[in-house]
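The values are calculated or read from the model by the stated rules, or taken from the named source; none is laboratory data. Nothing here was measured: the structure is a model prediction, and the numbers come from that model. Neighbour counts run over all protein chains shown; Cβ positions are idealised from the backbone, glycine included. Side chains are part of the model used for accessible areas, which takes the heavy atoms of the whole protein and leaves out ligands, DNA and RNA. Shrake-Rupley method; radii C 1.70, N 1.55, O 1.52, S 1.80 Å.
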Amino acid sequence: MDFRPELSWEFMSADEIAARTLRALRNHIVNVKECSAFYRSVLSQAVPDDIRSIDDFTKLPFTERDNMAEQSSRFLGVDPSHIVETVMTLGTTGKPLPFVLTAGDLDRIAFSNALSMHSMGMTPADRVLLLSSLDRFSMDGMSHYRGAIMTGANVMRIGVGTTMHDLLQKYLQFFRPTILIGVPSELLDIAIDSRKNGFDVAACKVQKAIGIAESLHFKTMHLNASGELLEKMWDAKVFSMYSATELSVSYCDCEYRSGAHSHPELVYTEIVNDKGKPVPDGEIGELVATPLGVEGVPLVRYKTGDMTFKVTGSCSCGRHSSRLGPILGRKADCIKYNGVIVFPHNLSNALKAMEEIKDYQIVLENDTKGADAITIHVAALPALLEKIVQTIRSASGMYIPVLISNIPTIQAMRKESGVPTPIIDKRGDRVVKSA
Ligand SMILES: [Zn+2]
(Lines give C-alpha, C1' and ligand atoms only; values in the text may rest on other atoms or scores of the structure.)
Protein backbone atom coordinates (compact mmCIF):
# COMPACT_ATOMS: atom_id res chain seq x y z
CA MET A 1 0.00 0.00 0.00
CA ASP A 2 1.31 3.42 -0.94
CA PHE A 3 1.51 5.47 2.28
CA ARG A 4 0.51 9.09 1.67
CA PRO A 5 -0.09 10.61 5.12
CA GLU A 6 -0.44 14.10 3.67
CA LEU A 7 -3.74 12.96 2.13
CA SER A 8 -5.16 11.93 5.51
CA TRP A 9 -8.37 13.57 6.65
CA GLU A 10 -6.57 14.93 9.69
CA PHE A 11 -4.95 17.63 7.55
CA MET A 12 -8.34 18.81 6.25
CA SER A 13 -10.28 21.65 7.84
CA ALA A 14 -12.45 20.87 10.85
CA ASP A 15 -15.58 21.53 8.76
CA GLU A 16 -14.45 19.15 6.01
CA ILE A 17 -13.63 16.46 8.58
CA ALA A 18 -17.07 16.92 10.17
CA ALA A 19 -18.86 16.61 6.80
CA ARG A 20 -16.89 13.51 5.80
CA THR A 21 -17.39 11.98 9.25
CA LEU A 22 -21.15 12.31 9.02
CA ARG A 23 -21.22 10.63 5.61
CA ALA A 24 -18.91 7.87 6.87
CA LEU A 25 -21.07 7.22 9.94
CA ARG A 26 -24.21 7.01 7.79
CA ASN A 27 -22.49 4.50 5.47
CA HIS A 28 -21.25 2.61 8.53
CA ILE A 29 -24.79 2.14 9.83
CA VAL A 30 -25.92 0.85 6.41
CA ASN A 31 -23.01 -1.59 6.41
CA VAL A 32 -23.36 -2.96 9.96
CA LYS A 33 -27.09 -3.54 9.48
CA GLU A 34 -26.26 -5.62 6.41
CA CYS A 35 -23.34 -7.64 7.74
CA SER A 36 -23.77 -7.97 11.54
CA ALA A 37 -26.57 -10.03 13.10
CA PHE A 38 -26.15 -8.13 16.37
CA TYR A 39 -26.64 -4.69 14.81
CA ARG A 40 -29.38 -5.90 12.48
CA SER A 41 -31.51 -6.47 15.58
CA VAL A 42 -30.16 -3.70 17.84
CA LEU A 43 -30.41 -1.02 15.11
CA SER A 44 -33.60 -2.32 13.49
CA GLN A 45 -35.26 1.06 14.10
CA ALA A 46 -32.27 3.13 12.95
CA VAL A 47 -32.66 4.47 9.40
CA PRO A 48 -29.39 5.92 8.05
CA ASP A 49 -31.25 8.75 6.30
CA ASP A 50 -32.47 9.85 9.73
CA ILE A 51 -28.86 10.49 10.78
CA ARG A 52 -28.59 14.08 9.56
CA SER A 53 -26.25 15.29 12.26
CA ILE A 54 -23.80 14.01 14.84
CA ASP A 55 -26.53 14.59 17.45
CA ASP A 56 -28.69 12.05 15.60
CA PHE A 57 -25.84 9.55 15.60
CA THR A 58 -25.29 9.94 19.34
CA LYS A 59 -28.86 8.80 19.96
CA LEU A 60 -27.91 5.29 18.78
CA PRO A 61 -27.34 2.70 21.53
CA PHE A 62 -23.88 1.96 22.94
CA THR A 63 -22.08 -1.33 22.53
CA GLU A 64 -20.64 -2.77 25.74
CA ARG A 65 -17.83 -5.28 26.09
CA ASP A 66 -20.34 -7.59 27.81
CA ASN A 67 -22.45 -7.59 24.61
CA MET A 68 -19.45 -8.95 22.74
CA ALA A 69 -18.58 -11.47 25.45
CA GLU A 70 -22.11 -12.86 25.53
CA GLN A 71 -22.81 -13.00 21.79
CA SER A 72 -19.45 -12.74 20.02
CA SER A 73 -20.52 -14.78 16.97
CA ARG A 74 -23.37 -12.33 16.26
CA PHE A 75 -20.83 -9.51 15.85
CA LEU A 76 -19.06 -11.26 12.98
CA GLY A 77 -19.22 -9.07 9.88
CA VAL A 78 -17.84 -11.49 7.29
CA ASP A 79 -18.02 -15.11 6.22
CA PRO A 80 -15.61 -17.05 8.51
CA SER A 81 -13.52 -18.00 5.45
CA HIS A 82 -12.36 -14.35 5.27
CA ILE A 83 -10.85 -14.39 8.76
CA VAL A 84 -7.05 -14.46 8.62
CA GLU A 85 -6.19 -13.84 12.28
CA THR A 86 -7.77 -14.56 15.65
CA VAL A 87 -6.49 -12.92 18.82
CA MET A 88 -7.66 -13.21 22.39
CA THR A 89 -8.01 -9.80 23.96
CA LEU A 90 -7.91 -9.27 27.70
CA GLY A 91 -8.80 -5.62 27.34
CA THR A 92 -8.16 -3.85 30.62
CA THR A 93 -10.67 -5.99 32.46
CA GLY A 94 -8.64 -9.20 32.38
CA LYS A 95 -11.45 -11.31 30.91
CA PRO A 96 -10.43 -13.03 27.65
CA LEU A 97 -12.50 -12.27 24.56
CA PRO A 98 -11.86 -13.68 21.08
CA PHE A 99 -11.44 -11.11 18.32
CA VAL A 100 -11.07 -11.81 14.59
CA LEU A 101 -9.60 -9.86 11.71
CA THR A 102 -9.61 -10.00 7.92
CA ALA A 103 -6.67 -9.19 5.65
CA GLY A 104 -8.29 -5.79 5.10
CA ASP A 105 -8.45 -5.23 8.87
CA LEU A 106 -4.71 -5.93 9.17
CA ASP A 107 -3.98 -3.40 6.41
CA ARG A 108 -6.25 -0.91 8.16
CA ILE A 109 -4.39 -1.36 11.47
CA ALA A 110 -1.10 -0.88 9.64
CA PHE A 111 -2.40 2.37 8.14
CA SER A 112 -3.64 3.61 11.53
CA ASN A 113 -0.31 2.90 13.20
CA ALA A 114 1.63 4.40 10.30
CA LEU A 115 -0.40 7.63 10.59
CA SER A 116 0.28 7.67 14.35
CA MET A 117 3.99 7.07 13.88
CA HIS A 118 4.21 9.66 11.10
CA SER A 119 2.60 12.18 13.48
CA MET A 120 5.28 11.64 16.15
CA GLY A 121 7.95 12.15 13.51
CA MET A 122 8.90 8.66 12.27
CA THR A 123 10.42 8.76 8.77
CA PRO A 124 12.13 6.29 6.40
CA ALA A 125 15.43 7.47 7.89
CA ASP A 126 14.55 6.03 11.30
CA ARG A 127 15.68 2.73 12.77
CA VAL A 128 12.93 1.36 15.01
CA LEU A 129 13.42 -1.19 17.76
CA LEU A 130 10.19 -2.94 18.71
CA LEU A 131 10.00 -4.12 22.30
CA SER A 132 6.28 -4.83 22.21
CA SER A 133 4.77 -8.28 22.39
CA LEU A 134 3.84 -10.15 19.21
CA ASP A 135 1.84 -12.73 21.11
CA ARG A 136 0.19 -13.34 24.48
CA PHE A 137 -3.17 -11.59 24.20
CA SER A 138 -1.80 -8.68 22.26
CA MET A 139 -2.02 -7.18 18.79
CA ASP A 140 0.48 -4.51 19.80
CA GLY A 141 3.63 -6.01 18.31
CA MET A 142 1.92 -6.91 15.05
CA SER A 143 0.30 -3.50 14.66
CA HIS A 144 3.50 -1.60 15.52
CA TYR A 145 5.50 -3.77 13.14
CA ARG A 146 3.06 -3.31 10.28
CA GLY A 147 2.73 0.42 10.96
CA ALA A 148 6.45 1.13 11.20
CA ILE A 149 7.11 -0.86 8.01
CA MET A 150 4.47 1.22 6.23
CA THR A 151 6.24 4.47 7.17
CA GLY A 152 9.34 3.14 5.40
CA ALA A 153 11.43 2.97 8.58
CA ASN A 154 13.94 0.17 9.18
CA VAL A 155 12.43 -2.11 11.83
CA MET A 156 13.89 -4.69 14.22
CA ARG A 157 11.79 -6.90 16.48
CA ILE A 158 13.18 -7.96 19.82
CA GLY A 159 9.89 -8.41 21.66
CA VAL A 160 9.44 -7.88 25.37
CA GLY A 161 13.13 -7.95 26.18
CA THR A 162 13.69 -7.26 29.85
CA THR A 163 15.29 -10.69 30.38
CA MET A 164 17.57 -10.53 27.35
CA HIS A 165 20.04 -7.86 28.35
CA ASP A 166 23.01 -9.15 26.36
CA LEU A 167 20.96 -9.41 23.22
CA LEU A 168 19.37 -6.03 23.79
CA GLN A 169 22.76 -4.43 24.34
CA LYS A 170 23.93 -5.82 20.99
CA TYR A 171 20.84 -4.45 19.26
CA LEU A 172 21.43 -1.03 20.82
CA GLN A 173 25.14 -0.95 19.98
CA PHE A 174 25.05 -2.32 16.44
CA PHE A 175 21.59 -1.38 15.19
CA ARG A 176 21.69 2.09 16.78
CA PRO A 177 17.89 2.54 16.91
CA THR A 178 16.57 6.08 16.74
CA ILE A 179 13.09 5.13 18.00
CA LEU A 180 11.97 2.56 20.61
CA ILE A 181 8.44 1.23 21.00
CA GLY A 182 7.52 -0.49 24.26
CA VAL A 183 5.75 -0.38 27.61
CA PRO A 184 7.19 2.52 29.67
CA SER A 185 7.75 0.50 32.86
CA GLU A 186 9.61 -2.16 30.86
CA LEU A 187 11.74 0.44 29.06
CA LEU A 188 12.58 1.87 32.48
CA ASP A 189 13.48 -1.57 33.87
CA ILE A 190 15.78 -2.12 30.90
CA ALA A 191 17.50 1.23 31.49
CA ILE A 192 17.92 0.64 35.23
CA ASP A 193 19.16 -2.96 34.88
CA SER A 194 21.53 -2.01 32.07
CA ARG A 195 23.04 0.73 34.19
CA LYS A 196 23.55 -1.75 37.04
CA ASN A 197 25.45 -3.94 34.56
CA GLY A 198 27.68 -1.04 33.55
CA PHE A 199 25.88 -0.19 30.32
CA ASP A 200 24.30 3.26 30.11
CA VAL A 201 21.46 3.28 27.56
CA ALA A 202 21.50 7.10 27.56
CA ALA A 203 24.71 6.87 25.54
CA CYS A 204 22.97 4.93 22.74
CA LYS A 205 21.61 8.09 21.10
CA VAL A 206 18.02 6.86 20.90
CA GLN A 207 16.07 9.98 19.98
CA LYS A 208 12.47 9.04 20.71
CA ALA A 209 10.45 6.41 22.56
CA ILE A 210 6.79 5.54 21.99
CA GLY A 211 5.18 4.39 25.24
CA ILE A 212 2.22 2.02 24.97
CA ALA A 213 -0.30 0.63 27.46
CA GLU A 214 0.71 2.99 30.31
CA SER A 215 0.12 6.70 30.62
CA LEU A 216 3.07 9.10 30.49
CA HIS A 217 1.21 12.32 31.24
CA PHE A 218 -0.72 14.00 34.01
CA LYS A 219 -4.13 15.49 33.28
CA THR A 220 -2.31 18.80 32.80
CA MET A 221 -0.46 17.10 29.88
CA HIS A 222 2.87 17.48 31.67
CA LEU A 223 4.97 14.34 31.86
CA ASN A 224 4.28 12.24 34.96
CA ALA A 225 7.07 10.75 37.07
CA SER A 226 7.34 7.72 34.80
CA GLY A 227 7.53 9.90 31.68
CA GLU A 228 10.18 12.18 33.18
CA LEU A 229 12.31 9.27 34.36
CA LEU A 230 12.00 7.54 30.99
CA GLU A 231 13.23 10.67 29.20
CA LYS A 232 16.12 11.06 31.62
CA MET A 233 17.26 7.42 31.62
CA TRP A 234 17.17 7.02 27.83
CA ASP A 235 17.94 10.68 26.98
CA ALA A 236 15.05 10.44 24.50
CA LYS A 237 11.81 12.32 23.93
CA VAL A 238 8.79 10.20 24.90
CA PHE A 239 5.40 9.94 23.16
CA SER A 240 2.19 8.21 24.22
CA MET A 241 0.26 5.88 21.96
CA TYR A 242 -3.15 4.47 22.93
CA SER A 243 -4.93 1.60 21.24
CA ALA A 244 -7.51 -1.05 22.04
CA THR A 245 -7.87 -4.35 20.20
CA GLU A 246 -11.63 -3.97 19.83
CA LEU A 247 -11.17 -0.59 18.10
CA SER A 248 -8.28 -1.67 15.85
CA VAL A 249 -7.11 1.90 15.80
CA SER A 250 -4.38 3.97 17.47
CA TYR A 251 -4.24 7.47 18.94
CA CYS A 252 -0.78 9.03 19.28
CA ASP A 253 1.00 12.18 20.38
CA CYS A 254 2.33 14.27 17.53
CA GLU A 255 5.67 16.05 17.76
CA TYR A 256 4.05 18.84 19.80
CA ARG A 257 2.78 16.34 22.44
CA SER A 258 -0.44 18.25 23.03
CA GLY A 259 -2.78 15.26 23.00
CA ALA A 260 -3.05 12.01 21.09
CA HIS A 261 -4.42 12.59 17.58
CA SER A 262 -7.29 10.46 16.29
CA HIS A 263 -7.47 9.41 12.65
CA PRO A 264 -10.93 10.56 11.58
CA GLU A 265 -11.14 8.38 8.46
CA LEU A 266 -10.68 5.35 10.75
CA VAL A 267 -12.63 6.20 13.90
CA TYR A 268 -15.29 8.51 15.30
CA THR A 269 -14.44 9.47 18.88
CA GLU A 270 -16.80 10.53 21.68
CA ILE A 271 -16.38 11.25 25.38
CA VAL A 272 -19.51 10.64 27.48
CA ASN A 273 -20.51 11.09 31.12
CA ASP A 274 -21.93 8.41 33.42
CA LYS A 275 -25.38 9.04 31.94
CA GLY A 276 -24.06 8.41 28.42
CA LYS A 277 -24.32 12.07 27.37
CA PRO A 278 -21.47 13.82 25.49
CA VAL A 279 -19.33 16.04 27.73
CA PRO A 280 -17.74 19.34 26.64
CA ASP A 281 -14.16 19.21 25.37
CA GLY A 282 -11.74 19.20 28.29
CA GLU A 283 -14.14 17.43 30.65
CA ILE A 284 -13.30 13.91 31.78
CA GLY A 285 -15.56 11.08 30.66
CA GLU A 286 -15.53 7.61 29.15
CA LEU A 287 -13.98 7.10 25.73
CA VAL A 288 -16.56 5.78 23.26
CA ALA A 289 -15.36 4.98 19.74
CA THR A 290 -16.89 3.87 16.46
CA PRO A 291 -14.16 2.35 14.30
CA LEU A 292 -14.79 2.89 10.58
CA GLY A 293 -14.00 0.43 7.81
CA VAL A 294 -13.58 -2.65 10.02
CA GLU A 295 -14.67 -5.91 8.33
CA GLY A 296 -14.25 -8.72 10.89
CA VAL A 297 -15.95 -7.23 13.97
CA PRO A 298 -17.57 -3.90 13.05
CA LEU A 299 -18.71 -1.89 16.08
CA VAL A 300 -20.95 1.10 16.78
CA ARG A 301 -20.37 3.40 19.78
CA TYR A 302 -18.13 0.97 21.69
CA LYS A 303 -17.68 1.89 25.36
CA THR A 304 -14.01 1.32 26.15
CA GLY A 305 -14.23 1.84 29.92
CA ASP A 306 -11.17 4.12 29.64
CA MET A 307 -11.45 7.61 31.10
CA THR A 308 -9.94 10.61 29.34
CA PHE A 309 -10.97 13.91 27.77
CA LYS A 310 -10.86 15.69 24.44
CA VAL A 311 -8.20 18.35 24.07
CA THR A 312 -9.53 21.68 22.90
CA GLY A 313 -8.07 24.04 20.32
CA SER A 314 -6.02 23.51 17.18
CA CYS A 315 -2.66 21.77 17.18
CA SER A 316 0.54 23.43 15.98
CA CYS A 317 1.33 20.38 13.80
CA GLY A 318 -1.38 21.35 11.29
CA ARG A 319 -3.67 18.38 11.97
CA HIS A 320 -7.29 19.17 12.73
CA SER A 321 -8.27 15.75 14.04
CA SER A 322 -9.67 15.51 17.56
CA ARG A 323 -7.12 14.76 20.27
CA LEU A 324 -7.33 12.73 23.44
CA GLY A 325 -5.75 13.61 26.74
CA PRO A 326 -3.90 10.90 28.65
CA ILE A 327 -5.85 7.81 29.69
CA LEU A 328 -6.43 8.64 33.35
CA GLY A 329 -7.73 5.25 34.42
CA ARG A 330 -10.61 2.83 34.17
CA LYS A 331 -14.16 4.01 34.69
CA ALA A 332 -14.59 1.43 37.45
CA ASP A 333 -11.60 2.87 39.35
CA CYS A 334 -12.55 6.54 39.53
CA ILE A 335 -14.39 8.49 42.18
CA LYS A 336 -16.10 11.87 42.09
CA TYR A 337 -14.56 14.40 44.44
CA ASN A 338 -16.24 17.82 44.64
CA GLY A 339 -17.89 17.00 41.31
CA VAL A 340 -14.56 16.24 39.61
CA ILE A 341 -13.42 12.76 38.54
CA VAL A 342 -10.30 11.65 40.41
CA PHE A 343 -8.27 8.44 40.10
CA PRO A 344 -6.83 7.43 43.50
CA HIS A 345 -4.17 5.22 41.88
CA ASN A 346 -2.81 8.29 40.03
CA LEU A 347 -2.44 10.04 43.40
CA SER A 348 -0.73 6.95 44.78
CA ASN A 349 1.72 6.83 41.85
CA ALA A 350 2.54 10.53 42.30
CA LEU A 351 3.24 10.06 46.01
CA LYS A 352 5.23 6.88 45.39
CA ALA A 353 7.50 8.81 43.01
CA MET A 354 8.49 11.38 45.72
CA GLU A 355 11.60 10.09 47.48
CA GLU A 356 11.07 12.44 50.44
CA ILE A 357 7.84 10.66 51.39
CA LYS A 358 8.59 7.76 53.72
CA ASP A 359 5.06 6.33 53.72
CA TYR A 360 1.56 7.47 52.82
CA GLN A 361 -2.06 6.45 53.05
CA ILE A 362 -4.93 7.58 50.84
CA VAL A 363 -8.30 7.24 52.56
CA LEU A 364 -11.55 7.34 50.60
CA GLU A 365 -14.63 8.01 52.73
CA ASN A 366 -18.14 9.38 52.50
CA ASP A 367 -18.59 12.86 53.96
CA THR A 368 -21.59 13.78 56.08
CA LYS A 369 -23.70 14.25 52.94
CA GLY A 370 -22.70 10.86 51.53
CA ALA A 371 -20.41 12.35 48.84
CA ASP A 372 -16.97 10.90 48.10
CA ALA A 373 -14.17 12.41 50.19
CA ILE A 374 -10.39 11.91 50.05
CA THR A 375 -7.77 12.47 52.72
CA ILE A 376 -4.07 11.91 52.16
CA HIS A 377 -1.80 11.14 55.10
CA VAL A 378 1.96 11.39 54.47
CA ALA A 379 4.99 10.59 56.57
CA ALA A 380 7.21 13.51 55.55
CA LEU A 381 8.75 16.71 56.90
CA PRO A 382 6.18 19.52 57.42
CA ALA A 383 8.30 21.78 55.21
CA LEU A 384 7.39 19.53 52.26
CA LEU A 385 3.65 20.06 52.59
CA GLU A 386 3.34 22.69 49.84
CA LYS A 387 5.39 20.59 47.41
CA ILE A 388 3.23 17.51 48.11
CA VAL A 389 0.01 19.49 47.67
CA GLN A 390 1.31 20.80 44.32
CA THR A 391 2.25 17.27 43.23
CA ILE A 392 -1.24 16.05 44.06
CA ARG A 393 -2.70 19.03 42.21
CA SER A 394 -0.67 18.10 39.09
CA ALA A 395 -1.83 14.47 39.32
CA SER A 396 -5.51 15.25 39.87
CA GLY A 397 -6.02 18.79 38.61
CA MET A 398 -7.45 19.90 41.95
CA TYR A 399 -6.73 20.64 45.59
CA ILE A 400 -6.96 17.62 47.90
CA PRO A 401 -6.18 17.90 51.63
CA VAL A 402 -2.84 16.46 52.73
CA LEU A 403 -2.08 15.78 56.40
CA ILE A 404 1.49 15.46 57.65
CA SER A 405 1.73 12.31 59.75
CA ASN A 406 4.36 9.74 60.71
CA ILE A 407 5.15 6.12 59.91
CA PRO A 408 3.74 4.53 63.14
CA THR A 409 0.42 6.41 62.77
CA ILE A 410 0.07 5.40 59.11
CA GLN A 411 0.94 1.80 59.89
CA ALA A 412 -1.62 1.74 62.73
CA MET A 413 -4.24 3.16 60.35
CA ARG A 414 -3.50 0.42 57.84
CA LYS A 415 -3.56 -2.29 60.51
CA GLU A 416 -6.89 -1.09 61.85
CA SER A 417 -8.48 -1.17 58.37
CA GLY A 418 -7.13 -4.64 57.65
CA VAL A 419 -6.05 -3.39 54.21
CA PRO A 420 -2.26 -3.49 53.75
CA THR A 421 -2.22 -1.20 50.70
CA PRO A 422 -1.72 2.56 50.16
CA ILE A 423 -5.41 3.12 49.34
CA ILE A 424 -8.17 2.38 51.83
CA ASP A 425 -11.72 2.66 50.54
CA LYS A 426 -14.11 3.14 53.46
CA ARG A 427 -17.03 4.46 51.44
CA GLY A 428 -20.34 2.83 52.36
CA ASP A 429 -19.68 -0.52 53.96
CA ARG A 430 -16.73 -1.19 51.74
CA VAL A 431 -13.17 -1.74 52.72
CA VAL A 432 -11.57 -2.47 49.38
CA LYS A 433 -8.00 -3.43 48.66
CA SER A 434 -6.40 -1.33 46.00
CA ALA A 435 -2.84 -1.31 44.72
ZN1 LIG B 1 -0.55 17.75 16.58
Mean-square fluctuation maximum in Gaussian network of the chain, Cα pairs under 10 Å, restricted to ALA209, ALA69, ALA412, hits ALA412
Ordering ASP107, ASP425, ASP2 by the accessible surface of their heavy atoms, 1.4 Å probe, largest first, yields ASP2, ASP107, ASP425
Counting only protein heavy atoms and rolling a 1.4 Å probe, one gets per residue an accessible area for the stretch 295-433 in Å² of 47
Largest-first semi-axes in Å of the equivalent ellipsoid built from the Cα gyration tensor of the stretch 345-417 are 19, 17, 10
The stretch 22-121, Kirkwood Rh and Cα Rg, ratio Rg/Rh at 1.00
Mean shadow area (nm²) of the C-alpha convex hull around the stretch 151-272 is 8.7
Scattering profile of the stretch 230-276 from the Debye formula, Cα beads only, expressed as log10 I(q)/I(0) at q = 0.14, 0.15, 0.19 Å⁻¹, is -0.48, -0.54, -0.75
Here the percent of antiparallel bridges among DSSP beta bridges lying wholly in the chain, to the nearest 5, is 65
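Quick one: divide the alpha-carbon radius of gyration of the stretch 1-66 by 2.2 N^0.38 Å and tell me what you get. Provide the component values of the computation, followed by the final result.
Numbers: Rg = 14.5 Å, N = 66, 2.2 N^0.38 = 10.8 Å.
Scaled against compact globular proteins, the figure is 1.34.
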For the stretch 1-76, dividing by residue count, accessible area per residue (probe 1.4 Å) in Å² works out to 57
For the stretch 240-381, inverting the pair-averaged 1/r of distinct alpha-carbon atoms gives a Kirkwood value in Å of 17.0
Within the set GLY318, GLY104, GLY282, GNM on the chain using Cα springs under 10 Å gives the largest fluctuation to GLY318
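Report, in debye and to the nearest 20, how large the dipole of the stretch 286-368 comes out about its Cα centre when Lys and Arg carry +1 and Asp and Glu carry -1 on their Cβ. Don't skip to the end; give the middle numbers.
Numbers: 10 positive and 9 negative charges, 90 e Å.
Computed about the Cα centre, the dipole is about 420 debye.
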Under a Gaussian network model of the chain whose springs join Cα atoms within less than 10 Å, the largest fluctuation of MET68, MET354, MET88 belongs to MET354
So the FRET efficiency between ALA18 and THR123, C-beta based with R0 = 35 Å and rounded to 0.05, is 0.70
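When only Cα pairs under 8 Å and 6 or more residues apart are kept, what is the percent relative contact order across the chain?
On the way: 860 pairs, mean separation 56.0, N = 435.
That works out to 13 percent.
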For the THR368, PHE62 Cβ pair and Förster radius 51 Å, calculated FRET efficiency rounded to 0.05 is 0.90
Long-range alpha-carbon pairs in the stretch 76-226, meaning those over 17 Å apart, account in percent for 66
Compactness check, the chain: C-alpha Rg relative to the 2.2 N^0.38 Å globular estimate gives 1.03
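Give the value in nm², to one decimal: projected area of the alpha carbon convex hull of the stretch 172-235, averaged over all directions. Let's see the in-between values first.
Working: hull surface 16.6 nm².
Taking the Cα atoms of the stretch 172-235, their convex hull projects to 4.2 nm² on average.
I'd like to know how the stretch 301-435 sits against the 2.2 N^0.38 Å rule of thumb: what's its Cα Rg over that expected value? Don't skip to the end; give the middle numbers.
On the way: Rg = 16.9 Å, N = 135, 2.2 N^0.38 = 14.2 Å.
Here the Cα radius of gyration is 1.19 times the empirical estimate.
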Percent of all Cα-Cα pairs per 10 Å bin for the stretch 107-189, counting from 0 up to the last occupied bin, reads 19, 52, 26, 2
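Could you check how much of the accessible area of the chain is carbon and sulfur, as a whole percent, using a 1.4 Å probe? Numbers along the way, then the final one.
Working: 10150 of 19690 Å².
So the carbon and sulfur contribution to the accessible surface is 52 percent.
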Largest-first ranking of GLU356, GLU286 by accessible area, probe 1.4 Å, whole protein assembly kept, is GLU356, GLU286
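Enter the accessible area per residue of the stretch 122-196 (Å², integer; probe 1.4 Å; all protein chains in place).
On the way: 3360 Å² over 75 residues.
Result: 45 Å² of accessible area for each residue.
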Taking the stretch 270-353, the whole-percent share of alpha-carbon pairs separated by over 20 angstrom is 43
In Å, the C-alpha Rg and Dmax of the stretch 158-198 are 9.6, 24
Quick calc, the chain, dipole around Cα centre from Cβ unit charges on Lys, Arg (+) and Asp, Glu (-), nearest 20 debye, gives 480
Sorting MET139, SER81, VAL42 by the position of each Cα along the dipole of the stretch 7-166 (Lys, Arg +1; Asp, Glu -1; all at Cβ), the one nearest the positive end of that ordering is SER81
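Of TRP9, TRP234, which has the most accessible area and how do the rest follow, probe 1.4 Å?
Details: TRP9 45, TRP234 5 Å².
Heavy-atom accessible area, descending, gives TRP9, TRP234.
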